[in-house]
Amino acid sequence: MVWEDVEVGEPGPGQARVRHSACGLNYIDVYHRSGLYPLPLPSGIGMEAAGVVEAVGPGVINVKKGDRVAYASGPVGAYAEVRLMAADRLVNLPDGISFDQGAAMMLQGMTTQYLLKRTYKVRPGDTILIHAAAGGVGLIACQWAKALGATVIGTVGSDEKAALAKSHGCDHAIVYTRENFTQRVKEITGGALLPVVYDSIGKDTFVGSLDCLRPMGMMVSFGNASGPTPPFDSSMLASRGSLFFTRPSLVHYTAKREDLVASAKDLFDIVLSGKVKIEVRQRYALKDAVQAHRDLEARKTTGSTLLIP
């Protein structure tokens, strides 16, 4: 990645020019940079930011100059001071939500929204497993799942991260570096196992996650922090009790404008209620994005991280 000057012109039909106040750092940015999710090169990078609309092009009706907005969608290119964006991908930030919060929560928060309320609808009394519970999605998901009445089990990499997850609604924090998370889930549930596992780790946790599920449970694989999930024989699902497997993506859950707006509103509402707190735990200058990626991949970050133009 290199920091360079580019010319940003006037917005065309359906576009808005947005000056960023803060940009979000997400693991999908690593996938784009590494080529795991290939991009046509050369390319910008980054999926999420918040800022102010500077100008709008012909036909734009959902935002206007001066609006406070945020987004978490393609095309990539959020690592920028100012950019052109499809206006129908922008949502207005309500009073009470800061630019930093907006940039820190849109992708992770709307991901949490579809995971907990659409992919598998978490119900009061459910016991669920969230991997990487001290990460960006993890901290939001622990709080939101707790607000929905669930008992939350989370995996983390250290005692410090365990304490952080517990302070955000995680009932049982499993330190995977010294504990077998599958065995601990069996102990915690008294052998009943789980209706759902939310797994953003991928290769290292795949089989163990399947073994945490009760018959007809759902394996939700939504990330690959340890590498892609390996190819598997579908009989693995049958032999463990007719399990369901899904590999969802935010881009599909918010492809329609009405779904994007509804997801963002649900997120804003629960944050404004105080039931979910968005904490920015790291900040880097945008020009230091390389170091931010190094720290993210080394698992030195927790919660949400911002790049500041």
Fill in the blank from the handout: Of (1) under 19 Å from Tyr71 (Cα atoms); (2) free of Cβ contacts under 8 Å to residues at least 40 places away in the same chain; (3) not charged (D, E, K, R), Val280 fails just (2)
Fill in the blank from the handout: Restricting attention to the range 181-200, the residues that are touching a helix residue (DSSP H, G or I) at 6+ places or on another chain (Cβ under 8 Å) and either more than 25 Å from Thr111 (Cβ to Cβ) or outside any helix (DSSP H, G or I) (or both) number exactly 6
Practice task
Determine the pairs where a residue that is farther than 30 Å from Leu93 by Cβ and in contact (Cβ under 8 Å) with a residue 24 or more places away in the chain, located within the range 234-261, has a partner that is among the charged types (D, E, K, R) and not in a loop (DSSP other than H, G, I, E, B) with Cβ atoms under 7 Å apart, the partner being 6 or more residues away or on another chain.
Solution key: Gly241/Arg214
Fill in the blank from the handout: Per the filter on the range 206-263, residues within 24 Å of the chain's Cα centre (by Cα), among the aliphatic types (A, V, I, L, M) and surrounded by fewer than 16 Cβ atoms within 10 Å (Cβ to Cβ) are Val207, Val251, Ala255, Val261, Ala262
Fill in the blank from the handout: Arg281 fails exactly one of (1) charged (D, E, K, R); (2) surrounded by 14 or more Cβ atoms within 10 Å (Cβ to Cβ); (3) part of a helix (DSSP H, G or I), namely (3)
Completion exercise
For the range 47-75 the number of residues that are in contact with a Ser or Thr (Cβ under 9 Å, 6 or more places away or on another chain) and crowded, with 18+ Cβ neighbours inside 10 Å is 8
Practice task
Read through the list (1) part of a helix (DSSP H, G or I); (2) of a type in the set (A, V, I, L, M, F, W, C); (3) surrounded by 21 or more Cβ atoms within 10 Å (Cβ to Cβ), then give the number of the only condition that Ala163 fails.
Solution key: (3)
Problem - Selection from the range 183-205 of residues that are among the β-branched types (Val, Ile, Thr), buried (at least 21 other Cβ atoms within 10 Å of the Cβ), over 19 Å from Gly136 (Cα atoms) and touching a residue at least 60 places away in the same chain (Cβ under 8 Å) - result: Val196
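Every number in this text was worked out from the coordinates using simple rules, so none of it is lab data. Keep in mind that what you see is a predicted model, and the values were worked out from it rather than measured. So basically every Cβ, Gly included, is an ideal-geometry build from the backbone, and we count neighbours across all protein chains shown.
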